Amino acid sequence: MSVGNGQHDDRSEASFSKVKLPEISLPSFGGRIKQWFTFRDSFRSLIYENKHLTDVDRFSYLKSVLQETESVELSSVNYSVAWKALEFRYENKKLIVKAHVDSFFAVDGLKRESYGGLSNLISASEMNLQMLKKIGEKTTAWSKILAYIVYSRLDPTTIRQWETHHNSMGVPTYENLIGFLRNHCAVPQSVAPTNSIVKPIHSDQRSI
């Protein structure tokens, strides 16, 4: 579009959306590298590949969930630059794998039998393992090592119950142990002790 003096109207380059942006639920991204793949996949699916949105719309959504881009001028060009900068900074598989492996090792052990603590141990272990699988790591080969790591964090009572249940000279797999622990957690919470030193998953201070 041209203005009366023959000069190009720079406002047309911004392609500002004339419609109210729809309500789309997006996860926030605070810069923790473990969150990147989940955030990236959600943003790509809901916003990046949405053909009904302009780049200005997309950048508005990006700014709403990112602190890193708040000082950048709102424009179609800056949306592309901002997204590529995020990919360059966080698309680092080595660091993401390290962060999840560190988190797997960082889960605190149980000093006494605890329904809540055991549930937290299972959830933390499974979350980190599933994310490692999602980014392409062949974790099946780690099964017996992972079983030992989880076993080493169990309280003495649960260890005795597991040993009675397993009752074998064979080396247990992660799947064997987690399956037992899930069934063990099926006992109503009201009859299980509640004392535990296990911290919530999100309190992991060693995560990147």
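The values are calculated or read from the model by the stated rules, or taken from the named source; none is laboratory data. Every value quoted in this text rests on a predicted model; they were computed, and no experiment measured them. Cβ placement follows ideal geometry from the backbone for every residue including glycine, while neighbour counts extend to all protein chains displayed. To get the accessible areas, we keep the full protein, side chains included, count just its heavy atoms, and leave off ligands, DNA and RNA. Shrake-Rupley method; radii C 1.70, N 1.55, O 1.52, S 1.80 Å.
If each of Lys93 and Thr173 carries a label point 7 Å out from its Cα toward its Cβ, how far apart are those two points in nm?
2.4
Of Leu129, Trp162, Ala147, whose Cα points farthest to the positive end of the dipole of the stretch 121-184 (charges on the beta-carbon: +1 Lys, Arg; -1 Asp, Glu; origin at the Cα centre)?
Most positive-ward Cα: Leu129.
As a quick test, which of the pairs Lys84/Lys134; Lys63/Lys98; Lys63/Lys138 have an alpha carbon distance above 30 angstrom in this structure?
Numbers: Lys84/Lys134 22 Å; Lys63/Lys98 28 Å; Lys63/Lys138 35 Å.
Exceeds cut-off: Lys63/Lys138.
Extending each Cα 7 Å along its Cβ direction at Val101 and Cys185, get the distance between those two points in nm, one decimal.
2.5
Rounded to the nearest 10 Å², what accessible area does Ser25 have for a 1.4 Å probe in the complete protein model?
Rounded to the nearest 10, the figure is 100 Å².
Keeping all protein chains in position, work out how much accessible area His166 exposes to a 1.4 Å probe, and write it in Å² to the nearest 10.
The accessible area of His166 comes to roughly 40 Å².
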